[in-house]
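A short worksheet on the structure shown next.
The values are calculated or read from the model by the stated rules, or taken from the named source; none is laboratory data. Only a predicted model underlies this, so the values are computations on that prediction, with no experimental measurement involved. Reconstructed Cβ throughout: ideal geometry from the backbone, glycine too, with neighbour counts over all protein chains shown. Please note that ligands, DNA and RNA were not included when accessible areas were found on the heavy atoms of the full protein model with its side chains. Shrake-Rupley method; radii C 1.70, N 1.55, O 1.52, S 1.80 Å.
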Amino acid sequence: MSSTDQDDPTSIRVDQFLPHPPDKVWRALTEPELIAQWFMPGDFRLEIGHRYTMQAQPVAATRFSGAVQAEVLAFEVEKLLRIGWRDAAPVEGAAGVDWTITWTLHPEGRGTRLFLLHEGFDPDDPVQQRARTIMNGGWRTGVPRALAKLLARI
C-alpha cells in the first residue's frame, strides 16, 4: 500500500493495487463471511441504512471499547462502499468518534486499485490523533496483508 496526504490530521488515505478483478475485491468487502476472515466479524448487509456491530480488541491507549457500531451510508456495486463508524460502547472519558470509511475500487489492468479514505479524526483531540496513528499503521500493514491473503484463497 502506498499513501497520499499523510499530513492531514483529520483523515487516513491509502491506496493499494490488488491483482484481482473488481468483482472479487467487491465480494471481499461486502460478503459477511469473507469480511470476518480479513477484517472483523459482524452482521453486515449491503443495504443503505443497515446498522450492524463489529467486534475487535479494545485499545486502552485510545479508550476504544472494541465494539464498532457501523452503518452502510452509500454504495455503488463494484465501485464504492461508504460506512459510518462509531464506538458502540464508549469508555468513560472517551471522545465520541464519528468516522467515515470509504472504499473506492478502480479497475486497473487485470487487477483493482483499491482506495481507502478514513475521515473524521478530530485534529485537536490527542486521543483521536493517537487512534489515527494506530489505525494508520493497521490500514497500511495488517489489513492489506489479511485482505490479500483472503483474495488469494477465494
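When the residues of segment 33-55 are narrowed to those that are aliphatic (A, V, I, L, M) and open to solvent by 30 Å² or more (accessible area, probe 1.4 Å), which ends up farthest from the chain's Cα centre (by Cα)? Break it down stepwise before answering.
Of all residues in segment 33-55, those aliphatic (A, V, I, L, M) come to 34-36, 40, 46, 48, 54.
Then keep just the ones that are open to solvent by 30 Å² or more (accessible area, probe 1.4 Å); that gives 36, 46, 48.
On the way: ALA36: 13, LEU46: 15, ILE48: 17 Å.
Out of the qualifying residues, it is ILE48.
Working only within segment 56-77, note down all residues that are acidic (Asp, Glu) and open to solvent by 70 Å² or more (accessible area, probe 1.4 Å).
Of all residues in segment 56-77, those acidic (Asp, Glu) come to 71, 76.
Within segment 56-77, just GLU76 meets the criteria.
What about THR112, is it open to solvent by 30 Å² or more (accessible area, probe 1.4 Å) and at negative phi?
Details: open to solvent by 30 Å² or more (accessible area, probe 1.4 Å): no; at negative phi: yes.
Judged against the criteria, THR112 is not a match.
For the subset of segment 119-154 comprising residues that are of a type outside the set (A, V, I, L, M) and not in a helix (DSSP H, G or I), which member is nearest to the chain's Cα centre (by Cα)? So the residue we want is GLU119.
Just so you know, in segment 127-150 the residues that are at pLDDT 95 or above and in contact with a helix residue (DSSP H, G or I) (Cβ under 6 Å, 6 or more places away or on another chain) include one that is nearest to ALA61 (Cα to Cα), and it is ALA146. You will find that of THR30, THR62, the residue that is more than 24 Å from THR104 (Cβ to Cβ) and β-branched (Val, Ile, Thr) is THR62 and no other.
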